[in-house]
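Single-structure report; data block below.
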Protein chains: 2
Amino acid sequence: MPSSTPSPTPSEFSADLSARFAALVGERYAIADAGGQGPYLREWRDRYHGKTPLVLLPGSVEEVAAILRLADETRTPIVPQGGNTGLVGGQIPHATGHEIVVSLKRLDKVRAVDPEGNTLDVEAGVTLQRAQEAAEAAGRFFPLTLPSEGSCTVGGNIATNAGGTGVIAYGNTRDLVLGLEVVLPGGRIWHGMRHLRKDNTGYDLRNLFIGSEGTLGIVTAAVLKLFPKPRSVGTAFIGVDSPAAALSLLQVARENGGGTVTAFELLPRRGVDFVLAHGADARDPLAEKYPWYILLEVSSSAELGVGEALEAMLMQAYEKGYARDAVIAASLDQAADFWRLRELLSESQRFEGGSIKHDVSVPVRLVPAFLDKAIAAVEAFIPGSRPLPFGHLGDGNIHFNVSQPVGGDKKAFLDQWEQTNALVHGIVAEFHGSISAEHGIGQAKRALLPGVKDPVELAMMRSIKATLDPNGIMNPGKVL
Amino acid sequence: MPSSTPSPTPSEFSADLSARFAALVGERYAIADAGGQGPYLREWRDRYHGKTPLVLLPGSVEEVAAILRLADETRTPIVPQGGNTGLVGGQIPHATGHEIVVSLKRLDKVRAVDPEGNTLDVEAGVTLQRAQEAAEAAGRFFPLTLPSEGSCTVGGNIATNAGGTGVIAYGNTRDLVLGLEVVLPGGRIWHGMRHLRKDNTGYDLRNLFIGSEGTLGIVTAAVLKLFPKPRSVGTAFIGVDSPAAALSLLQVARENGGGTVTAFELLPRRGVDFVLAHGADARDPLAEKYPWYILLEVSSSAELGVGEALEAMLMQAYEKGYARDAVIAASLDQAADFWRLRELLSESQRFEGGSIKHDVSVPVRLVPAFLDKAIAAVEAFIPGSRPLPFGHLGDGNIHFNVSQPVGGDKKAFLDQWEQTNALVHGIVAEFHGSISAEHGIGQAKRALLPGVKDPVELAMMRSIKATLDPNGIMNPGKVL
């Protein structure tokens, strides 16, 4: 088992071993000084900090293979890293100081794009935004969308099975990958860059690596699925009475929205208030206030007609009482304004003091009941606390954030992080949900996993880890 | 490794052991007589025949677990079976006579349907048609469609990652499953019946079992994804000059077809001739003959407008030279007539003598070049042979069937099956394709796998098999 594998202690991490690793990539790309290492050892929210003898920046798949060969021989733990935007500390080494960080940044080639076959071959270090742009330049669309897309990498998206707002129509990262190239512990390379829509020749190893958070090997490249560009997009901001009304609205939107529902985001009034109070140039889109809002996006392959269909659908939803009021974006700018309300929501919480966060999912149908119960429980547990649940209602994925009581003590509030997590996760379990819908396990939720996972499933995960990484060098102490 | 695990020889298969297995399900559901066993030991094309001491028909998940517990203890090989419609012999025991067949037929409950959450919980023995009907009754759509849907089971569909004609829009079975319940070797039950659209809490074990052809465990139930029913469907039968022209047509259809392309099937003129010659009431839909045809289906959530959009799109394709002529079905009956041409194609070959078959895929863009090369190679190898490639062009999946020369000797032709396979599969490899796009490996292609699979991938498959099924009791000698 990885946890029982002996690893060198910091003192054992000899100058000789360092030199051997550095020689594999060249001195220039082996960072040993604290200043140079800084950006690789803490993440943007400054929540996880690590130590490492070396940050390695390999420039080719063969160099990655050489690193994992030497690491396996010398039992040196490896922490793979993409754009360092992960939220659960999966990409940050522990403080023990004997884990080598391998950044995939220099593997940044767009290898091929095939608009006819709708595929895009990219290396792990290509940022999500560059992948989107490469698709766009070929007249196609790559639908994965994340706030961090300018810096997160495709390799990191794959390692964490990234989600985002487009999941409702296009699925998670797992649904967007046709093939992978992976370096395994020991340095063997799996050449799995397939471009096939159908292939039933054995076990699905691709999906085993997607979402494994660097604990089974290092993804060095991938074949991504492309899609036709939507010809027209309609965006509406809709006031609703409750999450239950919003789910009824979703049914109507799916049936009569004039295209595919490509976003269905829930916002609480409290969140809109926060953004309006602290956002630079945010405006309230509707004249009256409603307890909840839906940001709806409908995409169509037709050039015309989305606007009319969306309008007729909203009229129908209004008549049935599912929608209280709504505005359809008249321009791309106005659509961007709606989206800004959604995107600034999490950030605006910073100005309201401490915030305890959860990234959970339940079956879509159960979201309203889950919200009722979780909001009441949290408000009872910390009187005056301000629950701010928002997110991907159409996928059952709620970012159940809680802001501290007005004027309360931030530290005292944040000291209740784990108890609040336990409370909310307990309710998630009652609703057969997930305690990590899209962010992964990493360091943050590793200790929670045995409490929420079927022991049979956990045992299978452990045995697969032990089989594919027998010396436990791949990102130890993450996930399992 | 499974292949080196000692299993009881037929003589060792004692009456005592038989009685212990029979006691687990009750005598009535333990079939030991040759007459009763017949339907479980040969498949419908009569190509694979097996022997077994017992066919067991467990009536509950717990009985399946008890069977796998005893099997693991006694090292008794188990062959799981669904509707016995598989095409590669995965569900048929070997002739050695010491493998027990476990039919999932009696696990046939529809456990739950949730139209709001778009999920359907079914047991493994539910036929695909019953699953479709359960979705339909709830106002939803389950898109998996196969010629054998009246008898094949959801468990078998999952074990083989079944494909079919809807893959272009909805994906393979792997894309249609949210959760699984699986009995593992040793009898532990993995309770993985999740209803979540997003869940990033560990490795993707679900997709590991999907497509593993009963070699890792027995799937006893699944949570299936449902979809909105299309409001309108347009079906066209289109004459084209070449597969390359057909691919251009596909682009136009995707962009301007008025909805989602839900089928894009290629038929060669020779295939249409075969059906017209031997089909009961088949009619040629177009006045003139063309070398190739496309059966196009477009589905929309809009009630009106598909017909007009389809017509305009076809006019555009005609003007660009992608389509030579086309007819749009004016009624459901006429659409069914088009589909019958496609569906009878394989069957009609029986009347034209022997047929050598391949189920291959290549990247979509490369299908025309692949067909050119493979047709020429086969015609050169067996002069007078009649290649009849057809199938799911939009997914790059071609059923590359070859009928024997007119008036030639059937046996002499079929004796060249393996050499012809080797020839075609060699060309598939040049085009980075798959030798089993949708039927799986089973017995039929097991010997071919080491020749076409990345050795690193094959080694990973073997180590996962050894880890999850250490005593090698699950469907030994299949896939690996």
Filter the stretch B:234-259 down to the residues that are surrounded by fewer than 19 Cβ atoms within 10 Å (Cβ to Cβ) and not in a helix (DSSP H, G or I), then identify the one that is farthest from the other protein chains (Cβ to nearest Cβ). B:241
Taking into account only those residues within the stretch A:38-71 that are buried (at least 18 other Cβ atoms within 10 Å of the Cβ) and part of a loop (DSSP other than H, G, I, E, B), which is farthest from the chain's Cα centre (by Cα)? A:53
Using the structure shown, decide if residue B:432 is touching a residue at least 40 places away in the same chain (Cβ under 8 Å) and buried (at least 20 other Cβ atoms within 10 Å of the Cβ). no
Quick check: is even one residue across the stretch B:282-303 surrounded by 16 or more Cβ atoms within 10 Å (Cβ to Cβ), touching a His at 6+ places or on another chain (Cβ under 7 Å), in contact (Cβ under 8 Å) with a residue 40 or more places away in the chain and at negative phi? no
Enumerate the helices (runs of 4 or more DSSP H) found wholly within the stretch B:107-206, keeping only those where 1 or more residues are facing chain A (nearest Cβ under 10 Å). B:167-170
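For every residue, the table says whether it meets (1) small (Gly, Ala, Ser); (2) buried (at least 24 other Cβ atoms within 10 Å of the Cβ).
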| residue | (1), (2) |
| --- | --- |
| B:139 | yes, no |
| B:147 | no, no |
| B:162 | yes, yes |
| B:166 | yes, no |
| B:171 | yes, no |
| B:200 | no, yes |
| B:212 | yes, yes |
| B:217 | yes, yes |
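Each row is one residue, and each column tells you yes or no for (1) among the charged types (D, E, K, R); (2) modelled with pLDDT of 95 or more.
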| residue | (1), (2) |
| --- | --- |
| B:40 | no, yes |
| B:43 | yes, no |
| B:52 | no, yes |
| B:56 | no, yes |
| B:63 | yes, yes |
| B:66 | no, yes |
| B:73 | yes, yes |
| B:84 | no, yes |
| B:90 | no, yes |
Going through the stretch A:112-129 one residue at a time, which ones are without any contact (Cβ under 8 Å) to a residue 24 or more places away in the chain and out of contact with any strand residue (DSSP E or B) (no Cβ under 7 Å at 6 or more places or on another chain)? A:116, A:129
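Conditions tested, residue by residue: (1) assigned by TED's automatic domain parsing to the domain that holds residue B:245; (2) among the aliphatic types (A, V, I, L, M); (3) buried (at least 18 other Cβ atoms within 10 Å of the Cβ); (4) in contact (Cβ under 8 Å) with a residue 40 or more places away in the chain.
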residue: B:308; (1), (2), (3), (4): yes, no, no, yes
residue: B:337; (1), (2), (3), (4): yes, no, no, yes
residue: B:376; (1), (2), (3), (4): no, yes, no, no
residue: B:384; (1), (2), (3), (4): no, no, no, no
residue: B:391; (1), (2), (3), (4): no, no, yes, yes
residue: B:399; (1), (2), (3), (4): no, no, yes, yes
residue: B:414; (1), (2), (3), (4): no, yes, no, yes
So, of the residues in the stretch B:401-412 that are buried (at least 21 other Cβ atoms within 10 Å of the Cβ) and in contact with a Pro (Cβ under 9 Å, 6 or more places away or on another chain), which turns out to be nearest to residue B:357 (Cα to Cα)? B:401
Does residue B:445 satisfy the condition of being basic (Lys, Arg), within 11 Å of chain A (Cβ to nearest Cβ) and within 16 Å of the chain's Cα centre (by Cα)? yes
Pairs under 6 Å by beta carbon, first residue within 8 Å of chain A (Cβ to nearest Cβ) in the stretch B:453-466, partner in a helix (DSSP H, G or I), six or more apart or different chains? B:463/A:467
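Residues checked against (1) at pLDDT 95 or above; (2) within 14 Å of another protein chain (Cβ to nearest Cβ):
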residue	(1), (2)
A:310	no, yes
A:314	yes, no
A:364	yes, yes
A:372	yes, no
A:389	yes, no
A:398	yes, yes
Considering each residue of the stretch B:372-396, count those that are within 16 Å of residue B:248 (Cα to Cα) and in a helix (DSSP H, G or I), and give that number. 3
Got a sec? Which of B:343, B:438 is among the acidic types (Asp, Glu) and within 14 Å of chain A (Cβ to nearest Cβ)? B:438
Test: residue A:95 is farther than 18 Å from residue A:474 by Cβ, part of a loop (DSSP other than H, G, I, E, B) and of a type in the set (A, V, I, L, M, F, W, C): yes
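The values are calculated or read from the model by the stated rules, or taken from the named source; none is laboratory data. Values in this document were obtained by computation on a predicted structure and should not be read as measured data. Heads up, the Cβs are rebuilt from the backbone with ideal geometry, glycines too, and the neighbour counts pull from every protein chain shown.
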